[in-house]
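Read-outs throughout are calculated quantities, based only on the coordinates presented, and are distinct from any laboratory measurement. It should be emphasised that the depicted structure is a prediction, and the values quoted were computed from it without experimental measurement. Methodologically, a virtual Cβ is constructed for each residue, glycine included, from the backbone with ideal geometry; neighbour enumeration extends over all protein chains shown.
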Amino acid sequence: MFALYESKPDLFTVPNLEVKSQILSLESTIQELPLQDCLIESTCFGKDIAPVFEANLLLSGVILIDRQGKFVGMISRRLFFERMGSRYGIEMFYKRSIEALYQFSKVDVSILPGNTLIVEAAQKSLHRRPELLYDPIVVEVETNVYRLLDVHQLLVAQSKIHELTSHLLQKQTQAKAIQTEKMASLGRMIAEVAHEITNPVNCIWNNLIFLCSYLEEISKLLSTYDEVSDPSPIISQIKEQIEYDSLQEELAETTQSIRFGSEQLLKIVNSLRNFSHMDESKKKPANIHECIDSSLLILKNRLKYNIKVIKNYCTNLPRVNCYSGQLSQVFMNLISNSIDALNEKSAEIESLDWKPEIQITTEAILGKDYNLMSIKMADNGFGIPLEIQDKIFENFFTTKPVGQGTGMGLAISNQIINEKHGGKLKLNSSPGKGTEFEIILPIF
């Protein structure tokens, strides 16, 4: 080792090795890490730099600057002592300017901007030549302001982020498993409820057909009786008391209302049965329009405040091999988000020109080498801000107030479309104009 010689304070600054308290996240950058700022004029002799390294054992290198303070390069601790300890190293560099050592060594300096992510910086550091693996990295924290990052600090930070990532991934996996189990339980419960409702509904519907027929026959009999005989005073009195003429008209309307209600109840039961197919073991051909209509029917109670649903259905849309229950879940998530967006806009603006709308468009895209189906669901709400559109499919990301959104709906929908069906879920949103989600499914 070299003896501690008196240094020249006008040729270099005292290195700052202060350790920062690190609270790291996945978005942390290298300028958040402890940085070293030992600046040395390139005219400084090698004998003046040796004491600096000896006095600061954690100093990984020095930054070379010219007389105007501009960046020249970097000499690592490893390179300095390697050159000084080599044959004729003392004679060549000890009493010469450090710039001579720098030029002789042809140093390959790694310079990264301060806003580089820690994970990205670690990857670039590890891809350097083996002899440079532990040399410090030059960080440009501001324009023409440079600091040194010790690779050890970088790798420690990367290790912490790796632990954080593993913990977050574990939480996300657990949340997905819980959500999947919830949906499977919900599907089983809905299937059981739908099954229990089906029998009484069918009973009502089948008996209603006979009841309507019987009432028509009785009405014919009473009408014929009135035509062929004069009613007795008692019968006339009873007819007057029960308002017989009005009763005949209302009876037809009542039976028609019961028929309509029974039809709606059958549709709801069928929709619940379609939605309950959450845990299907294999794909089956399904009518996408029926899946969408089932989702709309279940959400009918939320489609208020004059929200208009416009269906632009393709007339010759083929059936698609899919998990119909899972697709129904996707449709419900997307439609629910549209309803929330429209309700939010309705609460904030008062305009007679704007009417809340949801447009659902289906289309078959048939080509020589591919057969695809497009399902677009668009609303005319506020739209999604550009700065968060890239995060919209991330787990736990939500724009809704605390307690109103889990941040899992779009993430699970994206997973169902991509992983389960080999399709794509695309977002097209114009802030202030509305949002459109497009589902692309392969037709097998």
Segment 280-444, dipole about Cα centre (Lys/Arg Cβ +1, Asp/Glu Cβ -1), debye to the nearest 20: 540 debye
Sequence-distant aspartates and glutamates (8 or more away, or on other chains) whose Cα lies within less than 19 Å of Lys345: Asp353, Glu357, Asp379, Glu436
Contour excess over end-to-end distance, with Cα ends at Leu427 and Lys220 and 0.36 nm allotted per residue: 68.4 nm
Chain lengthening between Gln103 and Arg87 when straightened (0.36 nm per residue, less Cα-Cα): 4.0 nm
Ratio Rg/Rh [Cα only; Rh per Kirkwood] for segment 30-149: 0.96
All aspartates and glutamates inside 19 Å of Lys220 as judged from Cα atoms, apart from same-chain residues fewer than 8 positions distant: Asp230, Glu243, Asp245, Glu249, Glu250, Glu253
Residue exposure sequence - Ile90, Ile238 - by fewest surrounding Cβ within 10 Å: Ile238, Ile90
Extreme residue, positive dipole direction of segment 334-391, given options Leu372, Leu342, Leu352 (C-beta unit charges): Leu372
Gain in span if fully extended, Thr361 to Glu250, counting 0.36 nm per residue against the direct Cα distance: 35.9 nm
Links that overshoot a 20 Å alpha carbon limit, given the list Lys283/Lys424; Lys70/Lys95; Lys311/Lys355; Lys283/Lys420: Lys70/Lys95
Largest-first ellipsoid semi-axes for segment 280-444, taking √(5λ) over the Cα gyration tensor eigenvalues, angstrom: 26, 18, 15
